[in-house]
Amino acid sequence: QVQVMESGGGLVQAGESLRLSCTVSGLRFGVSNLGWFRQAPEKEREGVAFIRWTDDRTEYADSIKDRFTISRDNAKNTLYLQMNSLKPEDTAMYYCAVGDFFPDLLDGKASYWGQGTQVTVSP
């Protein structure tokens, strides 16, 4: 059974940092494409950051580029999202996603989703 679990969210002030983690079990983590999405209240789901298993190629949303960094530790079956210089507009539920084809994952077509971890940034 596949399990996807996010952690690391919380309440911070603008300018502070958080690191989100996502542990995955029940599949071949090392050959899986991975990504982070977020969704704020009354907003559409937005792709945040992605990493390809073949070569660790990454993609970032323009809104967070140069502030967030996605990485993975295959030995620990864990995906990370380092978030620096957080802004109030980053407030959202953040979801970990596991996909097959990288272009499909970028388009939100994930095979598995976590339950999410809440990030709240106060002004």
Selection from the range 1-54 of residues closer than 26 Å to Pro103 by Cβ and of a type in the set (Ser, Thr, Tyr) yields Ser21, Thr23, Ser25, Ser32, Thr54
Among residues of the range 8-39, those that are under 19 Å from Ala110 (Cα atoms) and small (Gly, Ala, Ser), counted: 6
Is it fair to say Gly15 is out of contact with any Asp or Glu (no Cβ under 6 Å at 6 or more places or on another chain) and at negative phi? no
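Take the residues of the range 23-46 that are polar (S, T, N, Q) and open to solvent by less than 20 Å² (accessible area, probe 1.4 Å): which is farthest from the chain's Cα centre (by Cα)? Reasoning before the result, please.
Filtering the range 23-46 for residues polar (S, T, N, Q) gives 23, 25, 32-33, 39.
Filter once more, so that each one left must be open to solvent by less than 20 Å² (accessible area, probe 1.4 Å): 32-33.
Values: Ser32: 14, Asn33: 12 Å.
Applying the filter and picking the extreme gives Ser32.
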Condition check for Lys87: under 24 Å from Gln1 (Cα atoms) and out of contact with any helix residue (DSSP H, G or I) (no Cβ under 8 Å at 6 or more places or on another chain): no
Give the number of residues within the range 8-22 that are closer than 18 Å to Ile70 by Cα, in a strand (DSSP E or B) and open to solvent by 60 Å² or more (accessible area, probe 1.4 Å). 1
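The values are calculated or read from the model by the stated rules, or taken from the named source; none is laboratory data. Predicted model only: the values in this text are computed from it and were never measured. Neighbour counts run over all protein chains shown; Cβ positions are idealised from the backbone, glycine included. Surface areas here come from the heavy atoms of the whole protein model, side chains and all, with no ligands, DNA or RNA. Shrake-Rupley method; radii C 1.70, N 1.55, O 1.52, S 1.80 Å.
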